[in-house]
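Q: What follows is a structure written as structure tokens; I'll ask about it next.
Nothing in this text is a laboratory measurement; each read-out follows from the coordinates by a stated rule. Please read all numbers here as calculations on a predicted model, not as lab measurements.
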Amino acid sequence: MKVILLQDVKKIGSKGDVIEVAEGYARNYLLPRKLAVEATQGHMKDLSQKKASEARKKEKRLEEAKKLAEKLAKLTVKIPTKVGEAGRLFGSITTKDIADALKAQHKIDIDKKKMDLESPIKSLGVFPVTAKLHPQVQAKFDVHVVEE
């Protein structure tokens, strides 16, 4: 019997797969637990529409990430901080500080976990930061640490 999986099923397949299973397995396990539906012509049409919709959404997210990457490449984020002797900072600048400054100065909200610092920022100067906006898109921008 052909069925369309509505959820991931261990050792069988993942959501959206059309698979051939034994009729008893489908009738007694998959269908009652709403893990799958029978692969009728109407369900197959719905599945193709959902896949097309999902593909459009993924494409849209990729385009938005590319636009944001272009915008970020032109930006410099200034972070004022307290400085001790010889230009050394009290503590260090973290990705949270960068995310907060980016949101306050440029109204761009990027999760701190998606930012990558090459090394901890512990002195004044300009430092490159990489933001992972999408699995295929990364943006580099500069963080300028200045004395408060």
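Q: Given springs between every Cα pair under 10 Å in a Gaussian network model of the chain, which of I108, I19, I93 has the largest fluctuation?
A: I19
Q: GNM on the chain, C-alpha springs below 10 Å: top fluctuator among E59, E23, E70?
A: Highest fluctuation among the options: E23.
Q: Another question, if that's okay. If eta is 1.002 mPa s and T is 20 °C, what Stokes-Einstein diffusion coefficient results for the stretch 62-126, Kirkwood Rh from Cα pairs, in µm²/s?
A: On the way: Rh = 13.1 Å.
Here the translational diffusion coefficient equals 163 µm²/s.
Q: Quick one: P(r) of the stretch 2-60 from all Cα-Cα pairs, 10 Å bins, percents rounded to integers, in order of increasing distance.
A: Pairs per bin, as whole percents: 23, 50, 21, 5, 0.
Q: When N is the residue count of the chain, what does its C-alpha Rg come to as a fraction of 2.2 N^0.38 Å? Don't skip to the answer; put the middle values down first.
A: Values: Rg = 24.6 Å, N = 148, 2.2 N^0.38 = 14.7 Å.
Dividing the Cα Rg of the chain by 2.2 N^0.38 Å gives 1.68.
Q: Right, another one. Which residue fluctuates the most in the chain, going by a Gaussian network model with Cα springs under 10 Å, if the choices are K96, K113, K34?
A: K34
Q: What are the ³J(HN,Hα) couplings of the stretch 44-55, residue after residue, when phi is run through the Karplus curve with 6.51, -1.76, 1.60 and θ = phi - 60°? Round to Hz, x for glycine and proline.
A: For the stretch 44-55, the Karplus curve yields 5, 5, 4, 4, 5, 5, 5, 5, 5, 5, 5, 5 Hz.
Q: ³J(HN,Hα) across the stretch 88-97 via Karplus (A = 6.51, B = -1.76, C = 1.60, θ = phi - 60°), whole Hz, x for Gly/Pro?
A: 8, 7, 7, x, 8, 8, 9, 5, 5, 4
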